[in-house]
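Enquirer: One structure coming up, written as structure tokens, with questions to follow.
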Amino acid sequence: VDTTMTAPINATVGEAPPPVEVFRKDYKPLPYTVSTIRLEFDIYEGKTTVHAAMLLSANKQYGASHGTGELVLDGDETCVKLMSIQMDEKDLELGKDFTLAPGKLSVLSPKDGAWLTTVCEIVPEENTQLQGLYRSGPMYCTQCEAMGFRRITYFPDRPDNMSTFQSVKLTADAKSFPILLSNGNLVEQGKATNDESRHYAIWSDPFPKPSYLFAAVAGNLASIKDEYTTMSGKKVHLEIFTEAESVHKLQHAMDSLKNAMKWDEDRFGLEYDLGIYNIVVTSDFNMGAMENKGLNIFNSTCVLADQKTATDDDYERVEGVIGHEYFHNWTGNRVTCRDWFQLTLKEGLTVFRDQEFSSDMNSRGVIRVENVRRLRAGQFAEDAGPMSHPIRPDSYIAMDNFYTATVYNKGSEIIRMYQTILGVEGFNKGMKLYFERHDGTGVTCDDFLAAMADANGVDLSQFSLWYSTSGTPTVTYSSKFEDGTFSLTLSQKSKSQTPMHIPVSVGLLDKATGEEVVSTTVLDLKEEIQTFSFDGLKGEVVPSILREFSAPVKLEAATGGVDEESLAFLAARDTDGFNRWESGQKLYTSLIFQTLNGEASEKTQEFVNEAFGRTLMDKETSDFSIQAYALMLPSEATLAEDMKVIDPVGLHAACGAVKKALARKYKAELLERYNELTATMNEGEEFKVDAESIGRRRLRNVFLDYLCSIKETPEEQAAAAKLATDHFENATGMTDKMAALSALASMDGEGSGARDKGIQKFYDDANGDALVLNKWFMTQALADLPDVLDRVKKLTEHPDFTYKNPNRLRSLVNAFTMNSAAFHDEEGAGYEFIGDTLEKVDQINPQVSSRMAGCLIQWRRYDEKRGKLMKSQLERLASLKLSDDLFEVVNRGLKH
């Protein structure tokens, strides 16, 4: 079909209607599906032509009326030009054979077994939304989840349409784009017949998949290669592609991939199913990574790592995300979601799997602490605000807004509770049945629950309430000891109309000896109030409740107070590593809130000092990371969730006061331990990224942080600046360098010269490396300085800053919103800055703008003055023409 001089058929489709809310209860299967598709991409600078041939099939799941009704294809006319449409090689007539509406093409009389063919044109170079096919540096690449495929061509762009992508042909300039990739296996490649300067590659994926898992890449890329032999003896070719200058940063990702493949075989008996596994790295990406079948596409932040540019946290993140996307091959690809309301079915389950993988690769206790810290700082806040939703939402306007901490992180906690209730063996039996029943299909959360229940012969109907209940439940406890029997009374409160099934893991320790007299036992809290008894005890006990954080709930004493004596006891003696850490955190929390309210108790300070001092001087522990986390104060984001009215400036000051008091009291000991670790690390051993080395660096950097908080007098400022500068100059890797830069960035007075030199030196050393520059922007945005907003505004004018790259934008602007005291300055300048930024970014990339808007929608949780100023920015945005993504967040923020 010659489309050179043809006007697009969909040129006059009209303006999009106002945003429409979609409801889970309205789900209906398609009357027709596309069972097979063949695609051809002809890529030229400024225009890509997409030929699609689709085999139509009447959908038997549609019921008695299958084979009747319209075929509805999704397509975004703002970026897809429809040039031709045929059925069985006959041109279709607009109005007679098909109709067009904003976002939709309806074939009025489709036929079972017919081939529908379309020709569309797109301009990837203009695609700043980074959804569909877009240009990123030296490559073209795709991102189709959740609804990006409709920005490539017209198609039933929904998860329950599982198609075999029989062939995907990519044709492009051979010199500019020597690498041509898609899903599945490479079946043919060669020179283009009509132009020797161009070449083509044809890929075929034998496994049916929804359109959101489609991927294609055309680029000038370098790679590293490896091979993995599966448990059945099949050899799999592994290759990771990136820009040539970054290829030396790929080895950790490759090692992590092979570890993940082996772990999934060992833990779940799940083997990889293709002969090839490719990963492509891009610096322009809205999310972390994408699990496209056989061709993962990754944000550079989740793959690239070496000693000079990546922190230990970066290394851990790379391992976790590589694992996450690989594990999706079964939990997401082989078994996918029926509809987007079931997103947690694949994401919550796969987050749980990647957390278990990371726990087995590293320190299980450390990984659990890190995951719970993340959950409380992010997801608990989400559950307390206007974007609160169950892990399986009931409605959405823009599905992209529900790739949330609730769906992912709380979702993973719900999966973890299955394992807590059923045991590891019972959970594995449920997983086996789930795959046996549903391999190759799109299913629901109910199907997963049924597999778990049926495999174990248990009733999980009450547990299903976790899928439909928003908010964070609260469990309260009280206890008594009488005649050798300890009675523990638990009660629950949530947004559910009926009691939920909450697994509460409990252990008991002898109050006199500290010996564990009852090991971890799972109590199934299924009623509003329940009492559990433990008999045959020789003396009084201290309960350790919610061990391993066995349920995503808030735990409170029935008295409403804080039993500091028991917390101090558990912080010293609990055999459960998580609760030992948790007890110390609760002591810190108690002292911080007392300080905030101007009523710090000497007794509380004594408990805190005792716990801090004992942990600080413990030289016997083998887990340095747990020791480091035990010394850190709770984050301000976590503490804010315990406040009815958040006072960000007061909270920041209280945290600072407690931190400085501890630093002053234990200055000599902190310096002693800091110097000991420095001497150990300077003994010339090679740089390693193992649990012990990471822990040692983490602990030493915590000591640095406390020591650099002592900076009231000019002499103290100079001493802190010297310590941080020495740490910076002697850093052997990015972890220590970043710790030093973070300390320097907040220096003032006599330390300001060292601050400015450190910031400049870090920039110079980055030598244009994008990931290092992201760290440079972020550290300055998080600085504890009175003029930080002015500095951030100035950085938006820096030649290395751009609003179009999500990583760079997040590193500066999102980081500033996390600098709570500065962002929430009571005059509202921070809110105005974010409002202006949102208006600008929404025109470029709605996914990014909607996520950034989350910092304004919690306005009801602040004092009246701040709340009004935050709300006024939302009202200003609501008066503008917004993307569906930002519209939904802004309007939820104003309504709820």
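The values are calculated or read from the model by the stated rules, or taken from the named source; none is laboratory data. On a predicted model such as this, the values are computed, not experimentally measured, just so you know. Don't worry about glycine lacking a Cβ; one is built from the backbone with ideal geometry, like all the others, and counts go over all protein chains shown. For the accessible areas, the whole protein counts, side chains as well, though only heavy atoms, and no ligand, DNA or RNA atoms are used. Shrake-Rupley method; radii C 1.70, N 1.55, O 1.52, S 1.80 Å.
Enquirer: Roughly how many Å² of residue 750 are accessible to a 1.4 Å probe, to the nearest 10?
Expert: 120
Enquirer: With the contact rule set at Cα under 8 Å and sequence spacing of 6 or more, what percent relative contact order holds for the chain? Kindly include the intermediate steps, with their values, before the conclusion.
Expert: Values: 1745 pairs, mean separation 70.6, N = 896.
Relative contact order of the chain: 8 percent.
Enquirer: Quick check for you: with a 1.4 Å probe and neighbouring chains kept, what is the accessible area per residue of the chain, in Å²? Spell out each step's value before the answer.
Expert: Numbers: 35500 Å² over 896 residues.
I get 40 Å² per residue for the chain.
Enquirer: Based on the Kirkwood radius over alpha-carbon pairs, what is the Stokes-Einstein translational diffusion coefficient of segment 582-738 at 10 °C with 1.306 mPa s viscosity, in µm²/s?
Expert: Working: Rh = 16.6 Å.
Using the Kirkwood radius from Cα pairs, D works out to 95 µm²/s.
Enquirer: Compute the relative contact order of segment 575-674 as a whole-number percentage, counting only Cα pairs closer than 8 Å that sit 6 or more residues apart in sequence. If you can, show how the numbers build up before the last one.
Expert: Working: 64 pairs, mean separation 35.0, N = 100.
Once divided by the residue count of segment 575-674, the mean separation gives 35 percent.
Enquirer: Could you tell me which label, among (i) 89, 64, 36; (ii) 47, 33, 27; (iii) 48, 41, 31, carries the value of semi-axes √(5λ) of the Cα gyration tensor in Å calculated for this structure?
Expert: (ii)
Enquirer: May I ask for log10 I(q)/I(0) of segment 1-119 at q = 0.16 Å⁻¹, from a Debye sum over the Cα atoms as equal point scatterers with solvent left out?
Expert: So the normalised log intensities are -0.86.
Enquirer: If amide H atoms are built 1.01 Å from N in the plane of the peptide, which residues on other chains or at least 5 residues away come under 5 Å of the amide H of residue 36?
Expert: 55, 164
Enquirer: Another one. For segment 1-54, with the dipole built from +1 on Lys and Arg beta-carbon atoms and -1 on Asp and Glu ones, taken about the Cα centre, which of 54, 9, 23 lies farthest toward the positive end?
Expert: With unit charges placed on the Cβ atoms, the residue in question is 23.
Enquirer: Given the C-alpha centroids of segment 387-437 and segment 468-512, what is the distance between them in whole angstrom?
Expert: Here the two parts' Cα centres lie 23 Å apart.
Enquirer: How big is Rg to Rh over segment 779-896, alpha-carbon atoms, Rh as the Kirkwood inverse-mean-distance radius?
Expert: On the way: Rg = 13.5 Å, Rh = 14.3 Å.
For segment 779-896, the value is 0.95.
Enquirer: To continue, here is another question. Setting aside same-chain residues fewer than 8 positions from residue 191, which aspartates and glutamates have a Cα under 17 Å from its Cα?
Expert: 40, 42, 173
Enquirer: As an exercise, use a Förster radius of 45 Å and the Cβ-Cβ distance of residue 248 and residue 462 to find the FRET efficiency, rounded to the nearest 0.05. Mind showing how you got there, number by number?
Expert: Values: r = 53 Å, r/R0 = 1.18.
Efficiency, from the Cβ-Cβ distance: 0.25.
Enquirer: Can I ask one more? Can you list the lysines whose alpha carbon sits under 17 Å from that of residue 586, skipping same-chain ones fewer than 8 residues off?
Expert: By straight Cα distance, residue 586 reaches 554, 603, 659.
Enquirer: Can you check what the net charge comes to around residue 485, using other residues whose Cβ is under 14 Å from the Cβ of residue 485 (Lys, Arg +1; Asp, Glu -1)?
Expert: Numbers: positive: 480, 538; negative: 482, 483, 535, 540.
Charge balance near residue 485 sits at -2.
Enquirer: Could you tell me what percent of the accessible area of the chain is made up of carbon and sulfur, with a 1.4 Å probe and every protein chain present?
Expert: Values: 17280 of 35500 Å².
Percent of accessible area from carbon and sulfur atoms in the chain: 49.
Enquirer: What pairs from 262/293; 25/644; 757/840; 249/660; 209/840; 258/688 go past 27 Å between their alpha carbons?
Expert: On the way: 262/293 18 Å; 25/644 34 Å; 757/840 33 Å; 249/660 39 Å; 209/840 36 Å; 258/688 19 Å.
In this structure, 25/644; 757/840; 249/660; 209/840 lie more than 27 Å apart at Cα.
Enquirer: Among 365, 387, 456, pick out the residue whose Cα is farthest towards the positive end of the charge dipole of segment 337-488, where Lys and Arg carry +1 and Asp and Glu carry -1 on C-beta, about the Cα centre.
Expert: The Cα lying farthest towards the positive end belongs to 365.
Enquirer: Expressed as a whole number of Å, what is the distance separating the alpha-carbon centroids of segment 653-711 and segment 194-221?
Expert: Taking the Cα centre of segment 653-711 as reference, the centre of segment 194-221 is 50 Å away.
Enquirer: Quick one: Kirkwood hydrodynamic radius for segment 395-482, alpha-carbon pairs, angstrom, one decimal?
Expert: Working: mean 1/r = 0.0664 Å⁻¹.
It works out to 15.1 Å.
Enquirer: Between Rg and the Kirkwood Rh of segment 455-570, both from Cα atoms, what is the Rg to Rh ratio?
Expert: Result for segment 455-570 is an Rg/Rh of 0.99.
Enquirer: May I pose another question? May I ask you to order 42-52, 605-615 by the average number of other C-beta atoms within 10 Å around their residues, highest value first? Could you put the intermediate results ahead of the total?
Expert: Working: 42-52: 16.9, 605-615: 18.5.
By packing density, highest mean first, the sequence is 605-615, 42-52.
Enquirer: Could you pull out every one of the aspartates and glutamates with an alpha carbon less than 18 Å from that of residue 111, ignoring same-chain neighbours closer than 8 positions?
Expert: Correct list for residue 111: 70, 88, 89, 91, 93, 97.
Enquirer: Just to be sure I understand: of the beta bridges DSSP finds with both ends in the chain, what percent are antiparallel, rounded to 5?
Expert: Details: 101 of 127 bridges.
About 80 percent, rounded to the nearest 5.
Enquirer: Sticking with this one: What would the Debye formula give as log10 I(q)/I(0) at q = 0.09, 0.14 Å⁻¹ for the alpha-carbon point model of segment 222-374, no solvent?
Expert: Here log10 of I(q) over I(0) equals -0.27, -0.67.
Enquirer: Can I ask one more? Sort 545-551, 120-126 by packing, meaning the average of other beta carbons within 10 Å per residue, with the highest value first. Walk me through the numbers on the way to the answer.
Expert: On the way: 545-551: 21.6, 120-126: 18.1.
The most tightly packed comes first, giving 545-551, 120-126.
Enquirer: While we're looking at this one, here's another question. Given the -39500 (n - 2.57) contribution per DSSP H run of 4+ residues, what per-residue ellipticity at 222 nm results for the chain, rounded to the nearest 500 deg cm²/dmol? Provide the component values of the computation, followed by the final result.
Expert: Numbers: 27 runs with 339 residues, N = 896.
So the helix-based figure for the chain works out to -12000 deg cm²/dmol.
Enquirer: Further question: Rounding to the nearest 20 debye, state how big the charge dipole of segment 229-384 is about its Cα centre with +1 on each Lys and Arg Cβ and -1 on each Asp and Glu Cβ. Each step should come with its number before you reach the end.
Expert: Values: 18 positive and 26 negative charges, 74 e Å.
Taking the Cα centre of segment 229-384 as origin, the dipole is about 360 debye.
Enquirer: Compute the whole-percent fraction of alpha carbon pairs in segment 65-170 spaced more than 16 Å apart. Kindly include the intermediate steps, with their values, before the conclusion.
Expert: Details: 3440 of 5565 pairs.
Here the tail beyond 16 Å accounts for 62 percent of pairs.
Enquirer: Beta carbons within 10 angstrom, averaged per residue: use that to sort the peptides 463-472, 93-102, 339-348, 877-886, highest first. Please list the in-between numbers first.
Expert: Numbers: 463-472: 19.4, 93-102: 14.4, 339-348: 24.9, 877-886: 17.8.
Highest to lowest by the protection proxy: 339-348, 463-472, 877-886, 93-102.
Enquirer: So what's the gap between the Cα centers of segment 728-746 and segment 112-139, to the nearest angstrom?
Expert: 43
Enquirer: Given a 1.4 Å probe and heavy atoms of the protein chains only, how would you sort 810, 376, largest accessible area at the top?
Expert: Details: 810 65, 376 40 Å².
The ordering from most to least exposed comes out as 810, 376.
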